[in-house]
1. If I filter the range B:182-197 down to residues being modelled with pLDDT under 90 and within 14 Å of B:H147 (Cα to Cα), which single residue comes out as least open to solvent (accessible area, probe 1.4 Å)?
2. So for the range A:11-34 (the condition being touching a helix residue (DSSP H, G or I) at 6+ places or on another chain (Cβ under 9 Å), of a type in the set (S, T, N, Q) and at pLDDT 80 or above), does at least one residue qualify?
3. Look at the range B:144-167 and say how many of its residues are surrounded by fewer than 21 Cβ atoms within 10 Å (Cβ to Cβ), within 13 Å of the chain's Cα centre (by Cα) and in a loop (DSSP other than H, G, I, E, B).
4. Considering only residues of the range A:161-192 that are of a type in the set (S, T, Y) and not in a helix (DSSP H, G or I), which is modelled with the highest pLDDT?
5. Kindly provide the set of residues from the range B:85-115 that are in contact with a Lys or Arg (Cβ under 6 Å, 6 or more places away or on another chain) and open to solvent by less than 40 Å² (accessible area, probe 1.4 Å), ordered by number.
6. Which numbered condition in (1) within 14 Å of another protein chain (Cβ to nearest Cβ); (2) open to solvent by less than 10 Å² (accessible area, probe 1.4 Å); (3) of a type in the set (G, A, S) is the only one that A:A137 fails?
7. Between residues in the range A:144-162 that are more than 13 Å from chain B (Cβ to nearest Cβ) and residues that are of a type in the set (S, T, N, Q), which pairs lie under 7 Å by C-beta distance while being six or more apart or on different chains?
8. Within the group A:E128, A:E117, which residue is at pLDDT 90 or above and under 17 Å from the mean Cα position of the chain (by Cα)?
Amino acid sequence: MSDPKRTSRSAPSKRTSLLPSAPKPPCKIDPAATIASSTVLAGIHPITIAAHAVLHPHARIVSAEGPVTIGEGCIVFEKATIGPLAPSTSTESATITAPPSTILGKNVTISTGVTIEGCAIGDGCVIEPYARIGQGAKVGRYCKVVAYGEVPKGAKVDDYTVVYGKGKRRVDRTMKEWGEMRELKEAVHERQVRGYQGLIPSNIAKWS
Amino acid sequence: MSSSRPARKSSKGDYIETDSGNKVSRKALITGTPNITLAGRTVLMPDVHLRGDIVRVRPPPPTTTTSTTSLDPSSAATAKPSSSSSSQSTTAISIGKSTIIATSTILRPPARLLRGLLQPYPLKIGEQVLIGPGCVVESAQIHNHVHVGARCVLGAFSVLRENCRVLEGSCVPAGMVVPPGAVVAGRPARVVGEVGEGFGVDGVGEGWVEGGELREVVRGIR
């Protein structure tokens, strides 16, 4: 009670932190992107966010170990972590000399709690809750990693693959053989992006 | 969590208790508060995400003035009450009495495309439901006395009926309807059995049983 900074009982959200705010990473954000105000962008390497990307509240984009690029129309849900984390790089993958960059293609959906560590993900992929994509992995186009699925370090996932179970894979032939399906999926994704853009108040100014 | 550590002395508790007995952790992450209904004696533990902002927004006023003029007054008259009622009924998440949402669980109302627009649907959770830590809930409805284990993923528009039990680490696929009294498990979740006869029936002096009344448990949380 003696500390005047801690007595704001009515409005705890307005209490300012005593710590100095973390330095902003160098960001290049398209004005058409949607970034919720409680999304976290952190790190020292550049972060590029393309147009119509939607970052939900409490998503984390970390560029501590390498640059992060988020493609057009990506949806990143809450608590997803995109970007290589410091411990995994320092302990195991000493062979990688260049900073591991994380690249999300166009129209990628990253669901809740997903961890993505320095890898490339192709267009139209869907990564379901709590999946893990290891460092240096390459995920092709229109892939799907189901809930709790895991793509190990440095693995390569071909186009149209579904990763499920304990490292099992199969090819989504509907997606592979029917161009109309892919077009439909793209159209649906676009509508989803538009819907979320209307729901989530964007706060790009905070990061640029 | 750690019983060895002495209880932290703080003038303000870790939970904010409302008039109706809801206990909401100060560390719960809640967006869109006006669209969330807690019935009373509901516990939201730390790091619980409630996405109340994913709610059906009122459709934009009809701009099609091509309709005949004779319809205009009636449409204007009907538009007003409907718009006011829709603004009142925007509920994203409703949680019943004595329900506990454990740590790091995410409740996100499901959404799907309807007539070319993304339409979120309300996420309804019944009474005496326990949702374990680390779950992702996108269900359309969870009925009363449901027990969901830790680290489950409940897919979009799934429905969990009364007295069912989801074992930990399961992934209930999108749109699945879990029948009453079923036990489901696995990735993807399948019905693996039925709950016993005593499910949810409180024994005498045995404390809490799965699916049972959570009132005493809620009372113990502070």
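The values are calculated or read from the model by the stated rules, or taken from the named source; none is laboratory data. Everything numeric here is computed off the predicted structure, so don't read it as measured data. Glycine gets a Cβ as well: all are built from the backbone with ideal geometry, and neighbour counts include every protein chain shown. Side chains are part of the model used for accessible areas, which takes the heavy atoms of the whole protein and leaves out ligands, DNA and RNA. Shrake-Rupley method; radii C 1.70, N 1.55, O 1.52, S 1.80 Å.
1. Here the answer is B:V195.
2. yes
3. Total meeting the criteria: 3.
4. Let us first name the residues in the range A:161-192 that are of a type in the set (S, T, Y), namely A:161, A:164, A:174.
From the residues that got through so far, the ones that are not in a helix (DSSP H, G or I) too are A:161, A:164.
On the way: A:T161: 92, A:Y164: 87.
Within the range A:161-192, the match that is modelled with the highest pLDDT is A:T161.
5. Start the filter on the range B:85-115 by keeping residues that are in contact with a Lys or Arg (Cβ under 6 Å, 6 or more places away or on another chain), which leaves B:86, B:94, B:97-98, B:108, B:113.
Scanning the range B:85-115 gives B:S86, B:S94, B:S98, B:R108.
6. (1)
7. Short answer, once both residue conditions are applied: A:K153/A:S93; A:K153/A:Q135.
8. Values: A:E117 fails: at pLDDT 90 or above.
Only one candidate qualifies: A:E128.
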